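Asker: Below is a structure I'd like to ask you about.
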Amino acid sequence: LDEAPAKSTESDLPLARIAEIKSLDHGELRKGLPARIRGVVTHFSGDSLFLQDGESSIYVRFGELKFSEPLKLSDYWEIEGKTFVEFAPSVQATAGRRLGPGTMPEPLRPTWDQIMNGSLDTRYVELKGVIISTEGFSMELLTHAGKIKVTSDLDPSLSKQNENAVIRLRGCAIPGRDEATLQVRSGRLWLCSAS
């Protein structure tokens, strides 16, 4: 007797929205669930990128995977891969393709609680405040809500030149965290692809 073909279940379908992936608990994420997500590239480095759709954003690691087109900020991409978790829900890419030009999202203007609790991970944000001190790539920013230490990939001379000035700083947020425990370190934020 021939076996009947296996029926497709909802769990076989790739996760299509970043918010779906972000809502999963760590046990589910560790199963390597299939994902096929689309969004705008808001940051990229040698082996990873941040992808943001209309609702949320996520860290995508692609490692040695070579894409057919180079990554550019604000381009619209589709990424296929599997879920995993380190600090936050993430995707390990197995394929990716550029769908065309996109537009950088409107930056989130976070509340003090969002800055402090780590929920901004990978989000494109805008901070406003006075630079009260600088040290290399780090600056202390005085905002309406309080002081925060911001490290960015901006040229340190730009921060130094703008000491005591009110600035608006945009970039993708990575909460400061203890690398050993992965616990959020309050009052510290890394902004990558900063402007």
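Asker: Which is farthest toward the positive dipole end of the chain among 152, 19, 85, measuring Cα position about the Cα centre, with Cβ charges +1 (Lys, Arg) and -1 (Asp, Glu)?
Answerer: So the residue furthest toward the plus end is 152.
Asker: Place the peptides 81-89, 109-117 in order of packing, highest mean first, counting for every residue the other Cβ atoms within 10 Å and averaging per peptide.
Answerer: The packing order, highest mean first, is 81-89, 109-117.
Asker: Starting from the Cα gyration tensor of the chain, take the square roots of the eigenvalues, sort them a ≥ b ≥ c, and report rounded, prolate or oblate (rounded when a/c is under 1.5, otherwise prolate if a/b is larger than b/c, else oblate).
Answerer: Prolate, because a/c is 1.5 or more and a/b exceeds b/c.
Asker: Given Cβ point charges of +1 (Lys, Arg) and -1 (Asp, Glu) and nothing else, what value in debye, to the nearest 20, does the dipole of the chain about its Cα centre take?
Answerer: Dipole magnitude for the chain comes out near 500 debye.
Asker: Give me the accessible area of residue 68, 1.4 Å probe, in Å² rounded to the nearest 10.
Answerer: Only protein atoms counted, so the area is about 110 Å².
Asker: Going by accessible area, probe 1.4 Å, with all protein chains left in place, what is the ranking of 80, 106, largest first?
Answerer: 106, 80
Asker: Which order do you get for 124, 76 if you rank them by accessible area with a 1.4 Å probe, largest at the top?
Answerer: Sorted by accessible area, descending: 76, 124.
Asker: For segment 53-99, give the percent of accessible area contributed by carbon and sulfur heavy atoms, probe 1.4 Å, rounded to a whole number.
Answerer: Within segment 53-99, the accessible surface is 48 percent carbon and sulfur.
Asker: At what distance in nm do the modelled label points of residue 106 and residue 132 sit from each other, each positioned 7 Å from its Cα along Cα→Cβ?
Answerer: 3.1 nm
Asker: While we're looking at this one, here's another question. 7 Å from Cα along Cα→Cβ at both residue 142 and residue 155: what's the point-to-point distance in nm?
Answerer: 2.7 nm
Asker: Mind checking the per residue accessible area of segment 1-151 for me, 1.4 Å probe, whole number of Å²?
Answerer: Per-residue accessible area for segment 1-151 comes out at 55 Å².
Asker: Please go through the residue pairs 31/72; 22/149; 72/149; 31/149; 31/128 and name each one whose alpha carbons sit more than 32 Å apart in this structure.
Answerer: In this structure, 31/149; 31/128 lie more than 32 Å apart at Cα.
Asker: Rank 130, 60, 40 by mean-square fluctuation in a GNM of the chain with C-alpha springs under 10 angstrom and give only the top-ranked residue.
Answerer: In the Gaussian network model the winner is 130.
Asker: Assuming a ≥ b ≥ c are the square roots of the Cα gyration tensor eigenvalues, decide whether segment 68-121 counts as rounded (a/c under 1.5), prolate (otherwise, with a/b larger than b/c) or oblate.
Answerer: The shape class here is oblate.
The values are calculated or read from the model by the stated rules, or taken from the named source; none is laboratory data. Just so you know, these numbers come straight off a predicted model, no measurement behind them. Backbone-built Cβ (ideal geometry, glycine too); neighbour counts: all protein chains shown. Surface accessibility is based on the protein's heavy atoms, side chains included, excluding ligands, DNA and RNA. Shrake-Rupley method; radii C 1.70, N 1.55, O 1.52, S 1.80 Å.
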